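Report on the structure given below.
The values are calculated or read from the model by the stated rules, or taken from the named source; none is laboratory data. Just so it is clear, the structure is predicted and the values come from calculations on it, not from any experiment. Glycine gets a Cβ as well: all are built from the backbone with ideal geometry, and neighbour counts include every protein chain shown. SASA here: full protein model, heavy atoms, side chains in, ligands and nucleic acids out. Shrake-Rupley method; radii C 1.70, N 1.55, O 1.52, S 1.80 Å.
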Amino acid sequence: MKFRQAQTLLKMIYPARCVGCGDLVEGDFGLCGTCWRDTPFVTGLSCDACGVPLLGPDPTEIAHCDACLLSARPWDRGRAVLEYDGLSRKLVMRLKHGDRTDMARPMAGWMERKARDLARPDTILVPVPLHWKRLFKRTYNQAALLSERLAARLEVSHCPDALIRKTATAPMKGERDVRLETMKDAIALNEKRIARIEGRPVLLVDDVMTTGATLEACTLALAPASPRKIDVITLARVALDP
């Protein structure tokens, strides 16, 4: 009884607020009705390889976007929760650069819905790594926060240091080929974690996918560990112009 009273008192002092606009909401770490409506969730047909939204009447259809048809991805399947636009971009930036680590909790909940068809009981989640200089400056890796929360929800293993970022690459711009060249040899496998990955399905986790160059570098870096398969999931997907 005392615990419930304490919870009630805390809610009176610190009422639940929308992570989008700050208005009062019923539950902790949620979105108000307006922000939920304005957040561009990927709910319809999407590319089975990268998660970008596609036009089509059947959301269960297995389809691929032009970019993935033109150049096959090195991973198996890909999912994205949000289109990286408008309010979703603001939410991602708050997590990434605004020190709003608390937002990883609801975001992992959104990702869980998309990750359920990718995860198996023996799946291991691996986040895209940050270079140590950037990690020291930011104090946390947003991809690792998301993957930790998501692994807990899926009740699967989590290996936050499976990959190492050897090169502190500058923010990438340009076409996919340019980005791939930038990421060449930038990410390496942590040899101490090979035994944990060998023979298991891996789910790579990142906050945003633009061209997929970073995720491709991570997928190739994991190859020497002989994972059974590699899928990817991102919180948001940038919809590139044709």
- Computed over the Cα atoms of the stretch 192-242, what is the convex hull's projected area averaged over all directions, in nm²? 3.9 nm²
- Message: Given a 1.4 angstrom probe, what's the average accessible area per residue across the chain, in square angstrom?
- Response: 55 Å²
- Give, as ranges by residue number, the residues of the stretch 209-242 whose backbone N falls under 11 Å from the point 7 Å along Cα→Cβ of residue 194. 224-226
- Item | Crossing angle, helix 2-13 versus the chain [Cα axis fit, 0-90 degrees, rounded to tens] | 90 degrees
- Message: Quick check: the distance between the Cα centres of the stretch 183-239 and the stretch 116-179, to the nearest angstrom?
- Response: 8 Å
- Against the longest alpha carbon principal axis of the chain, how many degrees, from 0 to 90 and to the nearest 10, is the axis of helix 142-154 turned? 80 degrees
- What is the ratio of the Cα radius of gyration of the stretch 158-241 to 2.2 N^0.38 Å, where N is its residue count, to two decimals? 1.10
- The convex hull of the Cα atoms of the stretch 99-177, divided by residue count, gives a volume in Å³ per residue of 129 Å³
- Message: Just to check I understand the Karplus step: with θ = phi - 60° and J = 6.51 cos²θ - 1.76 cosθ + 1.60, what whole-Hz values come out for the stretch 33-48, glycine and proline as x?
- Response: x, 5, 5, 4, 5, 8, 8, x, 5, 7, 10, x, 5, 9, 5, 6
- Task: Take every Cα-Cα pair in the stretch 99-242 and report what % of them are more than 28 Å apart.
- Result: 14 percent
- Task: Report the FRET efficiency, 1/(1 + (r/R0)^6), for residue 17 and residue 226, where r is their Cβ-Cβ distance and R0 is 35 Å, rounded to 0.05.
- Result: 0.15
- For the chain, longest principal axis from Cα atoms; helix 87-97 axis from its Cα atoms; angle between them, nearest 10 degrees, is 80 degrees
- Using the structure shown, list the pairs from 96/166; 90/229; 114/137 with a Cα-Cα distance above 25 Å, or answer none. 90/229; 114/137
- Message: From the convex hull of the Cα coordinates of the chain, what is the mean projected area in square nanometres?
- Response: 14.9 nm²
- Note down the accessible area of residue 97, probe 1.4 Å, to the nearest 10 Å². 110 Å²
